[in-house]
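Taking it in order: structure first as structure tokens, then the write-up.
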Amino acid sequence: REFPPWVENSNELSEIGGGNDMTCSNFQSKTDQPNLAHPEVQQMAKDFVSIATKLLLQKYGKCIESISPTFNNEFETRYTQTFGMMRDYSDSSVSSYKEWQVQKGLSSSTSLAVEPPHLPCHSICSPIMDKETWKWLAFREEFLSERYLELCKIVKEGGRLEEEEDSKVLYDNPGCLLHFGEMFTSTDHLNSNIFFKMAKSEYVDHVVMDSNMALFGTASSPSIVGIIVSTAQAYGKMVHYEAATERILPCDEKGNLDEEIIQKLDRDRGVSLLFESGVSRALEAGVHTLGVTNLCDPSAISRLLNKNSENVKNTAGIGLQTASSFEPSAVIFVPHQAFYAWGFVISGWSCKTKYKDCWHDSFDEVPRFGHGTQNRQTGKCNVDVAQDSLISVWD
């Protein structure tokens, strides 16, 4: 996240952005976030998680079920990006990348290792085939995974650092919880998808799978929730679904739900249908817990979850009762890095792609934002084309 008040925001410790076209030119500079590749930043992060974990356990003991370390500005387990720009081009990041090339046998020395490529900040319409770019993307995934595993290990060991191996753990150790933003998208190359590396780790206990079902500004298919929850089921972790509402149920300036939206909550259409259908798919996939974030009026949940749905055809007959055991009927094999090959491929908006019909005609009523407000057509929704292809197979 941003620099804490006790750390000087210096050029040496800051992330540096980079890109290879004019749309990135205004952002090729120091950011306000610490650079994870700098040894000093890494040590400060470990020290902070260690001390915070110890103090929480000292005060609350067994009441602490899990602790969630993060570097991201949205508390998600991925890289932060700025207007489509990667932010890891500092001297220490570049040095780490060159050292990685030597470790992997891709270069005989750091002096002969190549510099990281700069990707455009706009849409990437043709698949990335350049080997040097794929090396860079592989490095970013591995590098970020290692940083989070270091922190989760500290959490799991009750805040104990490696240099404190002889110290006693006085409290029940908490689990490590990691929050994963929506994946299987054409922005995965920016954020990096480290879910699979983290989910395999013995140091990770809880995974939060997050979707607002409106990735690019309009409502998408709620089936994406079933996809990400079922993906998480393979690893034996506690699986949570975070239903993010800040985009589809925005608050007014006073922090209240808009009156017009409130009047429509009981209808089995629009926002209510989207929300209910997403929760239904999470339950079908055997999710362990449900969470709702950024809802101005928590009491609105009961109105959003209408058990007497008239849209059985659209919700595939899934009932809002209890989570089922996870009993998949098929396996869909998609290498997750395949989604790294494109950037911002949005239906009806970029790459000369066609408009897509909304999953339900009432989704025109769901509040739009960002790309969803541009080139608007009735009954059409701007969705991630790569993700939509996966959803089509899933459905």
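The values are calculated or read from the model by the stated rules, or taken from the named source; none is laboratory data. These figures come from a predicted structure and were not determined experimentally. For neighbour counting, all protein chains shown are included, and Cβ atoms are generated from backbone atoms with ideal geometry for every residue, glycine included. For the accessible areas, the whole protein counts, side chains as well, though only heavy atoms, and no ligand, DNA or RNA atoms are used. Shrake-Rupley method; radii C 1.70, N 1.55, O 1.52, S 1.80 Å.
Assorted remarks:
- For region 1-139: accessible area per residue (Å², 1.4 Å): 54
- By the rule of a second cysteine Cβ within less than 4.7 angstrom, the chain holds isolated cysteines at CYS63.
- Share antiparallel - DSSP beta bridges, the chain, percent rounded to 5: 35
- Of LYS197/LYS380; LYS156/LYS237; LYS98/LYS156; LYS46/LYS254; LYS131/LYS354, those spanning more than 26 Å from alpha-carbon to alpha-carbon: LYS197/LYS380; LYS98/LYS156; LYS46/LYS254; LYS131/LYS354
- Label-point gap, in nm, between LEU305 and ARG376 - each point 7 angstrom along Cα→Cβ: 3.1
- J(HN,Hα) series, region 75-84, from Karplus relation 6.51 cos²θ - 1.76 cosθ + 1.60, nearest Hz, glycine and proline x: 6, 10, 8, 6, 6, 8, 10, 10, 6, x
- Note on region 1-138: with neighbouring protein chains present and a 1.4 Å probe, carbon and sulfur make up 54 percent of its accessible heavy-atom surface.
- The distance between label points at PHE3 and VAL334 comes to 4.0 nm (points 7 Å beyond Cα on the Cα→Cβ vector).
- The GluC sites (Glu not before Pro) found in region 1-99 that occupy coil by DSSP, while having at most 13 further C-beta atoms within 10 Å, are GLU2, GLU8, GLU12, GLU65, GLU74.
- Within the chain, helix-based [θ] at 222 nm, where runs of 4 or more DSSP H residues each add -39,500 (n - 2.57), nearest 500: -9000 deg cm²/dmol
- Solvent-free Debye calculation, one equal scatterer per alpha-carbon of the chain: log10 I(q)/I(0) at 0.09, 0.10 Å⁻¹ equals -0.59, -0.73.
- Solvent exposure of region 171-224, expressed per residue, is 21 Å² of accessible area, with all protein chains present and a 1.4 angstrom probe.
- Sites listed here are GluC sites (Glu not before Pro) in region 195-261 whose DSSP assignment is loop and whose Cβ has at most 15 other Cβ atoms within 10 Å: GLU202, GLU246, GLU253.
- For the pair LYS131 and LYS254 in one chain, pulling the backbone fully straight at 0.36 nm per residue adds 39.2 nm over the alpha carbon distance.
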